[in-house]
Amino acid sequence: LGTVDPARFRWVQEEDWAHAWKAYFRPMRVGDALVVVPAWEDYTPGPGEVPVYVDPGMAFGTGTHATTALCLRWMERLVQPGSRVIDVGTGSGILAVAAKRLGAGEVLAIDVDPVAVEAAEENARQNQVAIDVRRATLDQVPEGEADLIVANIIASVVIDILPDVVERLKPGGRFLASGIILEKKDAVAEAMTQAWLLPVGVREQDGWVAILAMKP
């Protein structure tokens, strides 16, 4: 492997990188009301603010990524008091918690990653909200009448779950899909149409897309 050039090699103090990033995670307003707050912060909500306290741990979802922010801003308009919401690929549980904090009735959060399930359960406790968190895929959820299904995943998985989405939405229910790169927007919208979902809106941020569709 050759020798090490002493001019380019030096010892550094070991750091707990699993927690070092927390210094850069600060309270952030992402919509008209929602404020994402690190769970370890002492934060006093202002008038009209709806705080969502999050410690993602090793799971995805702090609200700082464009895909999550797109969902949160749209959910302020979509979640109605008492509505039934399913969060697919919940990660840290941030979207499920936000749905409950916005007034949803029943909220189901699912993920295949046990680390994500644990993080979502803990974040539900941090926010003192009741969420049904399961290690499952959407096809394992009994068919029902959800008012809103949210999936902040990737385009290929969004397309794969469309038949299961349709079966679990009530007529007039909405499907909010994010985690889609701009280049995949048209493919996802076309797949939605083929699955008998009507795309009714598109929002973009930093090269990412969220698409809202409705079950007729």
Whole angstrom only: what separates the Cα centroid of the stretch 81-124 from the Cα centroid of the stretch 139-158? 12
At 1.4 Å probe size, put Asp113, Asp32, Asp164, Asp42 in order of accessible surface, largest to smallest. Asp42, Asp32, Asp113, Asp164
Could you tell me which of rounded, prolate or oblate describes the stretch 80-125, using a ≥ b ≥ c as the square roots of the eigenvalues of the alpha-carbon gyration tensor, with rounded for a/c under 1.5 and, failing that, prolate when a/b is larger than b/c and oblate otherwise? prolate
Against the globular-protein guess of 2.2 N^0.38 Å, express the Cα radius of gyration of the stretch 60-181 as a ratio, rounded to two decimals. 0.93
Could you pull out every residue, at least 5 positions away or on a different chain, whose amide H is within less than 5 Å of the one on Met214? Hs are placed 1.01 Å off N in the peptide plane, and Pro or chain starts have none. Phe175, Leu198, Val200
So for Leu34, Leu78, what's the accessible-area order with a 1.4 Å probe, most first? Leu78, Leu34
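With an 8 Å cut-off on Cα pairs and a minimum separation of 6 or more residues, tell me the relative contact order of the stretch 143-216 in percent.
34
The values are calculated or read from the model by the stated rules, or taken from the named source; none is laboratory data. It should be emphasised that the depicted structure is a prediction, and the values quoted were computed from it without experimental measurement. We work out accessible area using only protein heavy atoms, side chains counted, and drop any ligands, DNA or RNA first. Shrake-Rupley method; radii C 1.70, N 1.55, O 1.52, S 1.80 Å.
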